[in-house]
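Written out below as structure tokens is the structure these notes cover.
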Amino acid sequence: MPKNRHKYIRFSFCLLFFIAILIGRAQENTSSTVNLISYIQELEKEFDIKFSYIDEDLRPIDIIVQKGGSLTTILDEIAKQTQINIKKLNERYYTLSKSITVDICAQVLDNFANNNIAGATIEVLGSSIGIITELDGKFILDNIPRKATLRIKYLGYKTLYIKAEEMVNHNPCKTLLLSQKIQQLEEVVLYKFLTTGLSKQQDASIQLNTQNFGILPGLIEPDVLQTVQALPGIKSIDETVSDINVRGGTHDQNLILWDGIKMYQSGHFFGLISAFNPYLTDKVTIIKNGTSAQYGDGVSSVMSMQTKNVIKNTFFGGAGFNLISGDLYGQLPITRDMAFQFSARRSFTDFVNTPTFNRFFDKAFQDTEITLNNNQLSDADILRDENFYFYDFTAKLLYDVNDRQKVRFSFININNNLDFEETTLNSNRTTKSTLDQTNLSFGGNLESDWSEDFSSVLNIYYTRYNLDAQNILANANQQLFQNNRVLETAVKLNTNYRFSDPLHWLNGYEFNEVGITNFTDVTLPPFNSNIKGVIRTHALFSEINYLSQNKKLMARGGARLNYIENLNTFKEYIIEPRFNLRYSLAEYVGMEIQGEFKNQSTNQVVDLEQNFLGIEKRRWFLSNNGIGPLGTPNLPITKSKQLSAGINYDKENLYVGLEGFYKEVDGISTATQGFENQNQFNGEIGKYAIKGLEFLINKKTSTYSTWLSYTYNVNNYTFEDIIPNKFPNNLDIRHTLTFARIYTYNNLNLGIGLNYRTGKPFTEPLDGANAINTTNFPFTINYQEPNSSRLPDYLRADASVIYNFNLSPKIKATAGASVLNLLDRRNVLNTYYRLNENNEIETVESFSLGITPNVSFRVSF
């Protein structure tokens, strides 16, 4: 027994001794992290050596120390971990210095679940060095400047910036965590509104996405200003895009913006074609009421176009043609942070006459059909010779300064040129007209995200509109020259602060200076006029945006304070409150209410119908409150107030909406309303009030969309100095009805639609001998009460077809055909009266487009 006990004692002793040795060795090999300077000071004592170095280079560096080892092994480990250059001068002295370049290794993970992020872009700023992460999220870069900054980007995550030096002292590799980028987007109420690419937003505005645009009856291309006329409450009474009437307003009462720049010209071919290339236009926002406080001007509506704003690393573009013009567009990447966009379009109407051009020409340049007061057609034969063309060009430079700041520069040039000659054969009298209409604009934006909650947008632009027109009458016996020039500069700053996800606060300031010149020179009788004016506007605006967590309530309220100064005449302060509310009454039922006060200080004055053969007779003037040079029309600041309320039902494939509104616009002049009767020359000041209902029902599926819209309006003028002082507006269209259906089958899109509206008001002369006033010279026409008659009802059917196919894996193609006025109905758009040389009353009628075919072919890549 004692022997066994001694064996156990000896075994236990040996075991304890062996464990002690292992613990000692483990302690010897235990690693620790120390400051590099402290560690090399210990090495100096241990190995009796000296190191020469700069304290600032080594002080921030920590290394992982393994106990034991030779001096050579230790120095090699220091160089490996820190990428410090170690040079041996002799047996005792060494130098330590930072290398100019370093080798780095890192692994990129997301900070939520530590998943590998493969394909993230790694860029060394200030150089052409770049790489993407491997499947495990790792990357290695050699010989990178030690002071360089790396930018790490991946879609859906916030961009990370890190110094290369911070990634050196890590073994095996430094872990980099990317946080997800969460952006609150405005909720879209309708996934498809009438057709693909049209959607109704939470604030009741309508947004058009041209890239996803489907088809509308009569359209084979996403013409921006033609497309908006498919919406209830928006029509053109004369079938043009240069005279769009929103809820009874005139065209000059619409604020049209392109990349934040105000446009004074909107159409080609005198309003028959939109002047804006749709293929680089990313989205178009249309606002009829409840406008944000950031928008000034335009008492009728806002139409804001935004071109593509994202830099892509590959080239994209396209080209196409129709029977009027050809165009091309594209975006060229310059660097990873910079790209250039361009678009160009030109008509070939000056050397090719197509069926579409002939119909457009008859509409735009018709000398109208003239009848005498005995209802006999005028037998004058007219010979015409014209040379007409148009073009437009846009350019945009996109530069991402960094992840938080973006700079954009935009440019647009629009041009129309016309040489027109008309000879009346029975009298051998010739009239010549030349017209040059241009709009040149450029501007810039700086978008900045100063923090997660605070951002700003600075917008600066310059725009110039110029109209030169010359008319030579009666074999050069009389010459008339007119020039209308608008120069505008503006600076606008928007700031947005997010208190929380539901609550945002918008503030800003806008300065605007507009100068307008109107020059007129007549040879017979001699007359010369040169009217110039400048208006400056300072505006402060603020509004709160709220969206409840359950998305049932959207509320926006704010105000705009304007200080308007006409340098020659007046100064005025105007406060404009605005609000916009939407509330979900039930799961599929929503209620909307909007209200706004707005003003504008630029207006278009309508010249006589006889000037320039009735073409482009509108000229821009500034408000002057009745104080200005002789010959200046009395134009006060135009002010509006509007209230609307509606209810809509939106469940899956069915939308039904009903909205009522009341709008009053004060400070209008007969000179801006296009009167062609006894009130044409007097320049009385008054107002108009319009009340109406807009109804829309839209049934839609993945293969078809059918809709019926109806608008009822009562639109009346009030002029205290006209008898009677209340009468129908020139744009009083009581009933408007639209029915359309579009169908999609694979790559084929078909559309057909019908547009109906009651006739517009006009004024007829008195009957019989009282029709002409012979007491004055020259004689004048005696009219009935203003706008007491109406034109016949308007009816037009349109159809279109588009087929999409691929020419190759990378080239897509589209072929389309359309017919406007499919039934070739002769709709009267306008009627007015004038006296001829024999003092006989002539009835002058203008008509709509006849049956107008068009075809197009496009490619995109």
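The values are calculated or read from the model by the stated rules, or taken from the named source; none is laboratory data. Here the structure is a predicted model, which means the values were calculated and not measured. Please note: Cβ atoms are built from the backbone with ideal geometry, for glycine as well, and neighbour counts cover all protein chains shown. To get the accessible areas, we keep the full protein, side chains included, count just its heavy atoms, and leave off ligands, DNA and RNA. Shrake-Rupley method; radii C 1.70, N 1.55, O 1.52, S 1.80 Å.
Run down Ser179, Ser236 and say which single residue is open to solvent by less than 10 Å² (accessible area, probe 1.4 Å), of a type in the set (S, T, N, Q) and either modelled with pLDDT of 90 or more or touching a Phe, Trp or Tyr at 6+ places or on another chain (Cβ under 9 Å) (or both). Please lay out each step first, then the result.
Values: Ser179 fails: open to solvent by less than 10 Å² (accessible area, probe 1.4 Å).
From the options Ser179, Ser236, the qualifying one is Ser236.
Checking Glu543 against (1) over 22 Å from the mean Cα position of the chain (by Cα); (2) under 30 Å from Ser584 (Cβ atoms); (3) acidic (Asp, Glu), which test does it fail?
Going through the list (1) over 22 Å from the mean Cα position of the chain (by Cα); (2) under 30 Å from Ser584 (Cβ atoms); (3) acidic (Asp, Glu), Glu543 breaks only (1).
Could you check Asp501 against (1) assigned to a strand (DSSP E or B); (2) surrounded by fewer than 16 Cβ atoms within 10 Å (Cβ to Cβ); (3) in contact (Cβ under 8 Å) with a residue 60 or more places away in the chain and say which number it fails?
Tallying (1) assigned to a strand (DSSP E or B); (2) surrounded by fewer than 16 Cβ atoms within 10 Å (Cβ to Cβ); (3) in contact (Cβ under 8 Å) with a residue 60 or more places away in the chain, Asp501 fails exactly one: (1).
Inside the stretch 304-319, can you point out the residues that are under 14 Å from Ile261 (Cβ atoms) and not aliphatic (A, V, I, L, M)? Before you say what the answer is, go through the steps one by one.
Start the filter on the stretch 304-319 by keeping residues that are under 14 Å from Ile261 (Cβ atoms), which leaves 304-307.
Ser304, Gln306, Thr307 - these are the residues of the stretch 304-319 that are under 14 Å from Ile261 (Cβ atoms) and not aliphatic (A, V, I, L, M).
Would you please name the residue that is farthest from Asp732 (Cα to Cα), looking only at residues in the stretch 812-842 that are surrounded by 19 or more Cβ atoms within 10 Å (Cβ to Cβ) and of a type in the set (Gly, Ala, Ser)?
Gly816
State all residues of the stretch 83-94 that are of a type outside the set (A, V, I, L, M, F, W, C) and loosely packed, with under 14 Cβ neighbours inside 10 Å; if no residue qualifies, say none. Quick ask: steps written out before the conclusion?
Of all residues in the stretch 83-94, those of a type outside the set (A, V, I, L, M, F, W, C) come to 83, 85, 87-88, 90-94.
Correct list: Asn85, Lys87, Lys88, Asn90, Glu91, Arg92, Tyr93.
Tell me which residues, restricted to the stretch 194-211, are open to solvent by 20 Å² or more (accessible area, probe 1.4 Å), at pLDDT 85 or above and in a loop (DSSP other than H, G, I, E, B).
Once the filter is applied, which keeps residues that are open to solvent by 20 Å² or more (accessible area, probe 1.4 Å), at pLDDT 85 or above and in a loop (DSSP other than H, G, I, E, B), the stretch 194-211 yields Asp203, Ala204.
Could you check the stretch 40-61 and list, in sequence order, the residues that are surrounded by 16 or more Cβ atoms within 10 Å (Cβ to Cβ) and either among the basic types (Lys, Arg) or touching a strand residue (DSSP E or B) at 6+ places or on another chain (Cβ under 6 Å) (or both)?
Result: Ile40, Phe51, Tyr53.
Looking at the stretch 260-285, which of its residues are in a loop (DSSP other than H, G, I, E, B) and either without any contact (Cβ under 8 Å) to a residue 12 or more places away in the chain or among the polar types (S, T, N, Q) (or both)? Let's see the steps before the verdict.
Filtering the stretch 260-285 down to residues in a loop (DSSP other than H, G, I, E, B) leaves 260, 263-266, 272, 275-280.
Gln265, Ser266, Asn277 - these are the residues of the stretch 260-285 that are in a loop (DSSP other than H, G, I, E, B) and either without any contact (Cβ under 8 Å) to a residue 12 or more places away in the chain or among the polar types (S, T, N, Q) (or both).
When you go through Ile140, Ile162 one by one, which is the residue that is assigned to a strand (DSSP E or B), of a type in the set (Val, Ile, Thr) and farther than 16 Å from Gly126 by Cβ? Explain how you work it out, then say what you get.
Details: Ile162 fails: farther than 16 Å from Gly126 by Cβ.
Checking each option against the conditions leaves just Ile140.
Given the conditions (1) open to solvent by 30 Å² or more (accessible area, probe 1.4 Å); (2) in contact (Cβ under 8 Å) with a residue 40 or more places away in the chain; (3) in contact with a strand residue (DSSP E or B) (Cβ under 6 Å, 6 or more places away or on another chain); (4) over 19 Å from Asp238 (Cα atoms), report the number of the one that Leu693 does not fulfil.
(2)
If you take the residues in the stretch 820-839 that are outside any strand (DSSP E or B) and over 41 Å from the mean Cα position of the chain (by Cα), which one is nearest to Phe675 (Cα to Cα)? First the steps, then the outcome.
Within the stretch 820-839, the subset outside any strand (DSSP E or B) is 821-827, 836-839.
With the extra rule that they be over 41 Å from the mean Cα position of the chain (by Cα), the set shrinks to 836-839.
On the way: Asn836: 19, Glu837: 22, Asn838: 24, Asn839: 21 Å.
Per the criteria, the residue is Asn836.
Among the residues that make up the stretch 413-425, is at least one of them hydroxyl-bearing (Ser, Thr, Tyr), at negative phi and modelled with pLDDT of 85 or more?
Among the residues of the stretch 413-425, not one is hydroxyl-bearing (Ser, Thr, Tyr), at negative phi and modelled with pLDDT of 85 or more, which makes the answer no.
Just to be sure before I move on: is Ser456 assigned to a loop (DSSP other than H, G, I, E, B), modelled with pLDDT of 85 or more and within 30 Å of Ser542 (Cα to Cα) in the structure I sent? Lay out the reasoning, then the answer.
Numbers: assigned to a loop (DSSP other than H, G, I, E, B): no; modelled with pLDDT of 85 or more: yes; within 30 Å of Ser542 (Cα to Cα): yes.
Criteria not met by Ser456.
Return yes when Glu842 is of a type in the set (Asp, Glu), assigned to a strand (DSSP E or B) and over 30 Å from Ser343 (Cα atoms) and no when it is not. So that I can check it myself, show each step before the final result.
Working: of a type in the set (Asp, Glu): yes; assigned to a strand (DSSP E or B): yes; over 30 Å from Ser343 (Cα atoms): yes.
Yes: the conditions hold for Glu842.
If you take the residues of the stretch 662-686 that are at pLDDT 95 or above and surrounded by fewer than 22 Cβ atoms within 10 Å (Cβ to Cβ), which of them is farthest from Ser301 (Cα to Cα)? Reasoning before the result, please.
Going residue by residue through the stretch 662-686, those that are at pLDDT 95 or above are 662-666.
Those left that are additionally surrounded by fewer than 22 Cβ atoms within 10 Å (Cβ to Cβ): 662, 664, 666.
Working: Tyr662: 14, Glu664: 13, Asp666: 16 Å.
Among them, the one singled out is Asp666.
Out of the stretch 258-292, which residues are under 30 Å from Ile593 (Cα atoms) and open to solvent by 20 Å² or more (accessible area, probe 1.4 Å)?
Gly260, Asp282, Lys283, Thr285, Lys288 - these are the residues of the stretch 258-292 that are under 30 Å from Ile593 (Cα atoms) and open to solvent by 20 Å² or more (accessible area, probe 1.4 Å).
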